[in-house]
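The values are calculated or read from the model by the stated rules, or taken from the named source; none is laboratory data. Since this is a predicted model, take the numbers as computed values, not measurements. We place every Cβ from the backbone using ideal geometry, glycine too, and count neighbours over all the protein chains shown.
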Amino acid sequence: MAIKDDHYTGGETEGGITSSYATNDGVKLKVAYSFMGSIYDEAERKAALDAMSQDSLTMGPKTIEFQDKFAKMSGTKYAFAATSCTTSMHVVTQLFDIRPGDEVIVTPNTFVATSLVILKEGGVPVFADIDPRTFNIDPNDVERKITPKTKAIYVVHYAGQMVDMDPIMEIAKKHNLKVLEDCAHATGSSYKGRKAGSIGDCGAFSFHSLKNITTCGEGGMITTNNDEYAKGIQNLRCMSNMPQTWNDQLTDKNDPVWTFGKIVKRRTDPIQYWMPAHFDVIPWNGHWGSNYRMNEIQAAVGCCQLDKLDMLVAKRREIAHKITAGLQDVPGVEPVYEDPNCFHSFHLYTVCVDEKALGGSRDEFMQVLYQEEGVQGILHYQPTYHFTGLKRMGYDPDQCPRANEFFYNREFNIPMHPRLTDQDIQDMVDGIRNTSAKLRKRHCKA
């Protein structure tokens, strides 16, 4: 298979479909789907090597710098680095004190991790349908799904376009619910001038290889403006890494020892650094912490990636807008709709098709686009309640008809990353146009 992307290495991967879409089927591709969503250069390479020379290789000075820079970027008081968006959401789920039987309203149009962190704590994901234009969770359906057992709402900013957050927050306030923003797609996105992760009670970000910025393939961040939550996050992601005697001192947000969960100046009391032990383990609100720490090499690379964020998002938006312009008036094809209230960071570019207008199916469209036009499309996301584990739990497979229609009949994602060339863009636009014409012609003859 001919692939132009220099980041592709070929061959099988342990992660399977979660780490590569490479195949060995003999198809000659013009534009392959890349698993590298960012740009690395000498800055990242130097930062990684410099971090390797430090005495501390985890949760050290580069982590603090990365957290500080991320909090400033996102407009939040606190930011805490973690191993992934999944582990970040698990921390927040514990922070929200989700217990067995508690219901959490969530979208089915997301990576399964958004629901799995609820299930891990014994909670019950309750699925609200999606908006047919933005593919984000529909606030009207959220309100319909609220019961006396509802404890939180987990929203996902699909593809980099933020959820309509004002009605979500109004619903949450009305019913006394917590709100988590799953910002895995949304680093660099905003809603009415407010950055992703700054509106709900907490935000969780992903720095996976595919994302708008990446910390060596994996990584995450938790954001919040809540002082008490900041203390809880510090305990839950690091297994209560400070002795109880120190924890007791961290009660005042203005206390000089409390800065992004790190002790920067200890009180001058008789306690020595080795007494009574170098760490303690206590549950936070009845929940035990985990080892979800980011290492210094990832954080150093993250600092470089944040320096490039505006450029990276600008490139994605420029590419996306060229694609949108090229797909205007293509029969049976719907380019991305941009909500005027949102600054879309285009983690994904989702093309939708109208099967009736084409006379053929979405799957047939993808097959022609791939095999005959050399453009590799992929699908995101199978409705969560259709996974075997949830089906066995008795979830209604037809509970969100718009999400079902979206995944099985309408959508596919074309390559989207900041290294795409003008030729790549033209090949994708031409490929989609040609596929539309081929399908309509074939089915007209039939």
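Restricting the search to helices (runs of 4 or more DSSP H) fully inside the range 226-340 and requiring at least 3 residues that are modelled with pLDDT of 90 or more, in contact with a Gly (Cβ under 6 Å, 6 or more places away or on another chain) and surrounded by 15 or more Cβ atoms within 10 Å (Cβ to Cβ) gives 227-237, 296-326. With respect to the conditions (1) of a type outside the set (D, E); (2) at pLDDT below 95; (3) crowded, with 24+ Cβ neighbours inside 10 Å, S56 falls short on a single one, namely (3). Residues in the range 61-86 that are charged (D, E, K, R) and closer than 18 Å to C304 by Cα: K62, E65, D68, K69, K72. Note on the range 341-372: among residues that are under 27 Å from M165 (Cα atoms) and among the hydrophobic types (A, V, I, L, M, F, W, C), the one that is surrounded by the fewest Cβ atoms within 10 Å (Cβ to Cβ) is C352. Against the conditions (1) of a type outside the set (D, E, K, R); (2) without any contact (Cβ under 8 Å) to a residue 24 or more places away in the chain; (3) under 22 Å from N212 (Cβ atoms), V336 satisfies every one except (2).
Just one of the listed residues (L390, L439) is closer than 20 Å to P335 by Cβ, in a helix (DSSP H, G or I) and not assigned by TED's automatic domain parsing to the domain that holds A186, namely L439.
The single condition among (1) hydroxyl-bearing (S, T, Y); (2) modelled with pLDDT under 95; (3) buried (at least 23 other Cβ atoms within 10 Å of the Cβ) that T223 does not satisfy is (2). In the condition set (1) within 25 Å of the chain's Cα centre (by Cα); (2) in a loop (DSSP other than H, G, I, E, B), D398 is compliant with all but (1). Looking at the range 367-387, which of its residues are part of a helix (DSSP H, G or I) and not aromatic (F, W, Y)? Those that are part of a helix (DSSP H, G or I) and not aromatic (F, W, Y): Q367, V368, L369, Q371, T384, H386.
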